[in-house]
Amino acid sequence: FPSHDMSRRKNPIEQLQNFFIEKKRRVEQFKAAVVSINSQISNLEDMVRRRKQSKPNYDSTEEDRSIKQMRQVYQNMQAKYVNATDALVKLEETIEEKKFKWQFSQAGMAAIAALNASSGEDLINQMLADEASSAVLDNFNKVFADLEMEAQHLTATKQLTFDQGMVLDISNINLSNKVPA
C-alpha cells in the first residue's frame, strides 16, 4: 500500500466550511433585502397614520388593503429567511460533527478510515449516505433553492405593485450571484 501524505491532501472540512460561509453570506444579503422592504412598508404605514391624524375622517381602506398585501409578501420573505437561517444552523452542526470525525481519523484511527475523503465532494457523498446528515442536506438544498428563487425574483423585479397602484421600489436590491466586473 502506498503511504498517503495526509498533510498535503485538501481538507474536506475546510471545503465544507467555505461552502457554509458562502451560503451564510447569501442569507445575510437576503436579510438586508427583506429589511429594506420592511422599512419601505413601515414608511407607508407612517404616511397613512399621519394622514389620519391630520384628516380624522380620511378613509384609508384602499391604502390599508395594499399595506396588508405588502405585509403578507414581507412575512413570506421573512419566513424564507428564517427557514434558511434554521437550515444553516443544522448544516453547521452537521459540519462540526464531521469535523470532529475528520480530526479523529486524522489522528490515525484506522477504524474511521472511511472518513479519509479525498475531497469535500467525497465527504458530502459520505454525509448523504448517513441518513441524519442526508435529511439535513436535503432540507438545506430545498430551503436554499426556495431562497435563491426569491432572490432572483427580487433582483429581476424593479418594483412590487399592489392594489390601487401602490408600489414598493426594489430597484436597489441586487441579489445576483454574479461578481461585478
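Readers should treat all values here as calculations from the given coordinates under stated rules, not as data from a laboratory. Remember, predicted model here, so these are calculated numbers, not experimental data. Cβ: placed from backbone, ideal geometry, glycine included. Neighbour counts: every protein chain shown.
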- Projected label distance in nm at HIS153 and LYS68, using a 7 Å step from Cα toward the beta-carbon: 2.1
- Query: Looking at region 39-109, which chymotrypsin sites (Phe, Trp or Tyr not before Pro) are DSSP coil and have at most 13 other C-beta atoms within 10 Å of their C-beta?
  - Reply: TYR58
